[in-house]
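J.: Take a look at the following structure, please.
The values are calculated or read from the model by the stated rules, or taken from the named source; none is laboratory data. Everything quoted here is computed from the prediction, not taken from an experiment. Ideal geometry is used to build each Cβ from the backbone, glycine not excepted, and the neighbour counts take in all protein chains shown. Calculation scope for accessible area: heavy atoms of the full protein, side chains included, ligands and nucleic acids excluded. Shrake-Rupley method; radii C 1.70, N 1.55, O 1.52, S 1.80 Å.
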Amino acid sequence: MPAAYIGPMRCPYCSHPLAETAVECLHCHLTLDRATAILGAVPRISRGVCDTTGTLSKKEVQKIAKVGGKLAWTFPQISLHVLLHHFPQEHPFSLHVFWLFNCGGLSTESSRGENNHAILLAIDPRQGRSALTVGYGLEPFLSDEAMDHLLELSEPAWKNGHWTRGILDVIAGLDRLLENAALEVAAGFGLKAQAESGRGKEF
């Protein structure tokens, strides 16, 4: 099952490095406006757990939402979104995911640039593809290698149609990565971060 981490510092079309403030890829000249012109109307999706394919049962959606809620409770800055959708095949999967992440209403107007701490896990069960993308605010804390590894660990479950198990594995992995990032930031400031003593963790 092809999987990819789509970092905000790389063009989703040509993978060329991007600056945080760049509005256009200097290599292929992609912009959000051009992506919209290419891809058309933005599909109607919702925040949180959204399954437009009917792959998950209501109980499975509730289970994933509950686990995602626990992650948000631990890390209040984070907004986690899980999308199962049948994406068109005419253009790169990574471009579709990047476009929906930025234009699908998953983040508020105030959550832009370094204030964007959103995470999107996108899965196309029909194509057998998955991708993770995060906002600029999380880029320094979640490495490309770690995110790719999360997707790789979930691939066996997804290949066997165990969508919920694979999604929960990704969320558990994100929890560990964010925990480690919070501890590293705290150590950098000479602070002690204890998971037991507080509702949320800063990073």
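J.: Sort Trp158, Trp73 by heavy-atom solvent-accessible area, probe 1.4 angstrom, most to least.
T.: From most accessible down to least: Trp73, Trp158.
J.: To continue, here is another question. How much of the accessible area of the range 35-118, in percent, comes from carbon and sulfur atoms when a 1.4 Å probe is used?
T.: Roughly 52 percent, rounded to a whole number.
J.: So, one more: Output the Cα-based Rg and Dmax of the range 24-112 in Å, rounding Rg to one decimal and Dmax to a whole number.
T.: Every Cα atom of the range 24-112 included, Rg and Dmax give 15.0, 45 Å.
J.: Mind ordering 39-46, 165-172 by average Cβ neighbours within 10 Å, highest first?
T.: Put in order of decreasing packing, that is 165-172, 39-46.
J.: Another question about this same structure. In the range 13-152, with Lys and Arg counted as +1 and Asp and Glu as -1 at Cβ, which of these residues, Leu83, Ser130, Leu30, has the Cα nearest the positive end of the dipole, that is, farthest along it?
T.: It is Leu83, whose Cα lies furthest towards the positive end.
J.: Report the label-to-label distance for Trp73 and Leu153 in nanometres (one decimal), using points 7 Å from each Cα along the Cα→Cβ vector.
T.: 2.2 nm
J.: On alpha-carbon atoms, Rg over Rh for the range 49-159 using Kirkwood Rh?
T.: 0.94
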